[in-house]
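Following: one structure in structure tokens, then a few remarks.
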């Protein structure tokens with residue numbers, strides 16, 4: 001059975017761009033993206049753009065446009081987010097059954113997260129993003145919560161028999177134990193304000209702020225780009241606690257992560273107060289991402305790019321590894337939060 005993206009040929013990409021007034025010179029490069037298909041396209045005038053073709057049926061048109069509007073708010077606040085161009089009066093276009101958008105090309109490299117100045121710089125810009133994000137909620141886009149990321153992912157994997165029988169009962173047991181510990185945090189459960197840490201305020205987030213979604217422009221780079229971080233790919237933007245946009249930028253042992261989060265918070269608090277109660281949500285959020293990631297891979301397995309890039313997924317060894325990671329997360333969630 002053919003996957004829908006198999007019809008997205010280079011000619012179709014170029015024709016789609018031409019339909020919004022952009023003429024490619026025939027050169028295009030596929031960029032790293034699993035959820036969507038993204039191409040850098042050279043135009044006849046010598047410039048280049050990035051065209052994103054959205055995975056059908058993942059987001060509604062209203063949800064995509066809400067992401068675009070959020071990115072536009074960030075850019076109007078002079079925050080270096082890379083958003084879609086307005087072409088023919090719109091940011092979202094349709095061609096041959098695909099929804100697509102076109103953004104300017106931005107160069108850059110991965111940020112040096114061992115550099116204290118870089119972490120503080122990123123923290124300052126995250127605070128500015130969250131200041132905009134706190135002005136109003138998303139209406140169409142979902143929240144990052146226990147049900148959507150955790151319970152729904154667990155149920156789908158078991159209902160669709162994605163976990164091998166030899167490890168299924170063990171995985172389900174440890175998954176349920178982990179989700180029960182996540183449920184101890186009302187802020188991740190949609191619990192009304194006033195119950196426990198439900199006082200944590202939810203706001204519009206980048207949502208997937210890992211190092212690969214930050215392009216760093218050195219201070220000696222072209223002035224048109226501006227030095228420092230540029231935030232790309234708000235495809236996973238949703239409602240959630242502020243700490244969601246910080247924790248994926250920290251790695252290493254507990255001491256290292258505490259130092260890195262501390263530096264991010266130091267920069268953050270130059271523009272916006274950070275609620276340290278949210279530090280208790282880091283391991284629950286990591287747990288939800290772990291479970292959601294397995295379900296995401298399984299749901300996308302019919303897309304040929306997934307078996308090619310994730311050949312290790314789905315084996316008994318993979319799922320035994322997931323059991324061990326769930327055990328580790330259960331232990332981590334019962335430890336005291338990081339101190340910064």
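Values as computed for the structure displayed
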| item | result |
| --- | --- |
| Förster radius 35 Å - calculated FRET efficiency between residue 317 and residue 180, Cβ distance, rounded to 0.05 | 0.85 |
| Calculated log₁₀ intensity ratio I(q)/I(0) where the Debye formula runs over C-alpha points of the chain, q = 0.10, 0.12, 0.14 Å⁻¹ | -0.65, -0.95, -1.27 |
| Normalised contact order of segment 40-141, rounded percent, pairs of Cα under 8 Å and 6 or more residues apart | 31 |
| Principal axis dimensions, segment 197-340 - Cα atoms, whole angstrom, descending | 47, 41, 27 |
| Value at 222 nm in deg cm²/dmol, rounded to 500, when DSSP H runs of n ≥ 4 in the chain each add -39,500 (n - 2.57) | -12000 deg cm²/dmol |
| Euclidean distance between Cα centres, segment 118-173 to segment 1-25, Å | 31 |
| Sites residue 42 and residue 152 - FRET efficiency at Förster radius 45 Å, r taken between beta-carbons, to 0.05 | 0.65 |
| GNM top mover of 309, 213, 36 - the chain, alpha-carbon springs below 10 Å | 309 |
| Contour minus Cα-Cα distance for residue 332 and residue 308 (0.36 nm per residue) | 5.4 nm |
| For peptides 287-295, 82-90, sequence by mean Cβ density within 10 Å, most packed first | 287-295, 82-90 |
| Gaussian network model of the chain, Cα within-10 Å springs - most flexible of 143, 103, 33 | 33 |
| GNM top mover of 155, 115, 253 - the chain, alpha-carbon springs below 10 Å | 253 |
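No value in this document is a laboratory result; all are computed from the given coordinates. Bear in mind that the values here come from a model prediction, so they are computed numbers and not experimental data. A quick note on method: Cβ atoms are made from the backbone with ideal geometry, for glycine too, and the neighbour counts reach across all protein chains shown.
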